[in-house]
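The values are calculated or read from the model by the stated rules, or taken from the named source; none is laboratory data. Given the structure is predicted, the values throughout are model-derived calculations rather than measurements. No Cβ is skipped: glycine too gets one built from the backbone with ideal geometry, and neighbour counts run over all protein chains shown.
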Amino acid sequence: MNAPAPAPCPPNRRILVIDDNRAIHDDFKKILGASASTTGALDDAEAALFGDDGPKATSLGFEVDSAMQGREGLERVQQALAEGRPYAMAFVDMRMPPGWDGVETIAKIWAAYPDLQVVVCTAYSDYSWDEMIATLGQSDRLLILKKPFDVVEVLQMANALVGKWELLQQTRTHVDELEARIRERTQALEGANFALQTEIADRNKMELQLRHAQKMESIGQLAAGIAHEINTPTQYIGDNTRFVQDACVDLLAIVGSLAPLTAPDAAPPTAAWLAQFREQAAKADLEYLAEEIPKAIAQSLDGVARVAKIVRAMKEFSHPGTAEKTPIDLNHAIDSTLTVATTEWKYVAELVTDFDASLPPVPCLPGEFNQVILNLVVNACHAITDVVGPNAAGKGTITLSTRRDGEWAEVRVRDSGTGIPEHARARIFDPFFTTKGVGKGTGQGLAIAHAVIVEKHGGTIHFETEMGQGTTFIIRIPLQPAAAARQAA
Ligand SMILES: Nc1ncnc2c1ncn2[C@@H]1O[C@H](COP(=O)(O)OP(=O)(O)OP(=O)(O)O)[C@@H](O)[C@H]1O
Ligand SMILES: [Mg+2]
């Protein structure tokens, strides 16, 4: 809203005449209509200026003050300023012995009040124009009036310079107003900017907490599955080791009974000894042991390898969040995430991986990237469960593939699930948007995936979907941060 326009002030028509000659003051007062009487010359001047129907000089409204010396002139200017009624212009005589001359007076007055418009009156060539400029500087506030005065010239100068002073004040007020408005706006903008910064900081903090909470939740969920995954091999490693332990007791007993035969002075085995040995060997079922022991050891080693793989994957999955990106093998990171999440998918889907082995290391925040893959895989499992039902014998398919596309690494997570209904498509990346029941989804997974891929990695995430056929999420991460910058440009 604009401020109401201030009430117009009467124009300032105050003029100061500085001259050591009293008669000159009277002349100025007559010309400028400040005295009661007007002269014939003045009437002529008015007629010349305004025509016969023009205003009389007496109605021009000039207020004329006099100073007989430069110093007195300066004092009057200062006093007028202090009273808040400054002069608009001054006529200054060039020669005013014994005091300051006109140029000196003007210089001193301008030092006190630079707005004053000045006409310097001269009959002599005391100063050349160049000398005057050298002292006073180039100025549009200075005019020269040669004596003897031409009345019309004086009147016109007074009118023009008083008007010029008025315009100067108006411009200054206008500029001051503009500056004040700019200051106000700047302050308002600074306030808004500060509020925005605070809000952004709060949002970042909340987002971080949210991401952390989701990670903790999924780790908690995964922990039960991982316990199961580790429990199965641990059990058969235990069983197999106990079997090998028992077999060793029998085998060592047989080997021990052969010891006497190996002594240097040993007698050949008797028939009774051989019969007993055969009985012992038959009891131990050497043939069975020869077949089963290598199997048990191989199976145990396989189990140990599986446990080791799960532990390694867990370690990689819950990668301590580094603030710096590090080049990582995306295929390996995805593999680890799938291992950790085995129990999430293995009952609902066949998992197919199609990794591009030539994919170069990709600058990544590993912990956050893994979280994104996990979120997408869990979503895929839910979408498949909704198609095949939770206890169906038939499974769906989840395919994870990677490939290099120019300066980008591309990861696709495809599922044979429900597809995303039309009405949800525009909203799935919104925080807290979910179509899942209480306890199954909170609507954070894709919002976090979007924040991690787009904001943290300068990448893109989008999807292709068909109802009844399934959905593919496509993630693209720049191999060089410069690629993202070019795309953004
Ligand atoms: N692969 C998919 N197939 C079908 N719909 C999907 C798929 N992925 C996501 N959606 C839809 O997008 C919504 C939002 O997904 P998002 O992962 O953000 O949240 P959520 O899975 O519901 O909950 P959260 O991930 O927090 O446990 C889902 O509720 C679902 O409707
Ligand atoms: Mg989800």
Problem - Test: residue in segment 143-154 that is surrounded by 17 or more Cβ atoms within 10 Å (Cβ to Cβ) and farther than 17 Å from ILE15 by Cβ - result: no
Practice task
Please indicate, with yes or no, whether at least one residue in segment 337-348 is away from ligand 1 (no atom under 11 Å from the Cβ), within 36 Å of the chain's Cα centre (by Cα), over 27 Å from VAL311 (Cα atoms) and assigned to a helix (DSSP H, G or I).
Solution key: no
Practice task
Report yes if some residue within segment 409-419 is under 33 Å from the mean Cα position of the chain (by Cα), assigned to a loop (DSSP other than H, G, I, E, B) and surrounded by 16 or more Cβ atoms within 10 Å (Cβ to Cβ); otherwise report no.
Solution key: no
Exercise for the section: Answer with yes or no whether GLY458 is under 19 Å from ILE373 (Cβ atoms) and touching an Asp or Glu at 6+ places or on another chain (Cβ under 6 Å). Expected result: no
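Quick one: in segment 443-460, of everything that is within 13 Å of ligand 2 (Cβ to nearest atom) and touching a residue at least 60 places away in the same chain (Cβ under 8 Å), which residue is nearest to GLU344 (Cα to Cα)?
Checked segment 443-460; the qualifying residue nearest to GLU344 (Cα to Cα) is GLY445.
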Exercise for the section: State whether one or more residues within segment 248-263 are assigned to a helix (DSSP H, G or I), within 23 Å of MET216 (Cα to Cα) and either of a type outside the set (Val, Ile, Thr) or at pLDDT 90 or above (or both). Expected result: no
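For every residue, the table says whether it meets (1) touching a strand residue (DSSP E or B) at 6+ places or on another chain (Cβ under 8 Å); (2) near ligand 1 (Cβ under 8 Å from one of its atoms).
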site: GLU410; (1), (2): yes, no
site: ARG414; (1), (2): yes, no
site: GLY417; (1), (2): yes, yes
site: VAL438; (1), (2): no, no
Practice task
Could you please let me know if HIS382 is away from ligand 2 (no atom under 16 Å from the Cβ), closer than 17 Å to SER218 by Cβ and at pLDDT below 95?
Solution key: no
Problem - Filter pass, LEU252 being loosely packed, with under 12 Cβ neighbours inside 10 Å and farther than 30 Å from GLN299 by Cα - result: no
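Condition check ((1) among the aliphatic types (A, V, I, L, M); (2) touching a residue at least 40 places away in the same chain (Cβ under 8 Å); (3) in contact with a strand residue (DSSP E or B) (Cβ under 7 Å, 6 or more places away or on another chain); (4) farther than 30 Å from GLY445 by Cα) across all residues:
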site	(1), (2), (3), (4)
GLY191	no, no, no, yes
THR198	no, no, no, no
ILE219	yes, yes, no, no
PHE243	no, yes, no, yes
ALA247	yes, yes, no, yes
Exercise for the section: Tell me, yes or no, whether segment 216-230 has at least one residue that is polar (S, T, N, Q) and either under 60 Å from the mean Cα position of the chain (by Cα) or closer than 24 Å to LYS315 by Cα (or both). Expected result: yes
Practice task
Please determine, by comparing only the residues of segment 19-43 that are at pLDDT 80 or above and touching a strand residue (DSSP E or B) at 6+ places or on another chain (Cβ under 6 Å), which one is surrounded by the most Cβ atoms within 10 Å (Cβ to Cβ).
Solution key: LEU32
Completion exercise
Checked ASN231, ASN159, ASN204, ASN193 against criteria (surrounded by 10 or more Cβ atoms within 10 Å (Cβ to Cβ), of a type in the set (S, T, N, Q) and closer than 30 Å to ILE293 by Cβ); the one match is ASN231
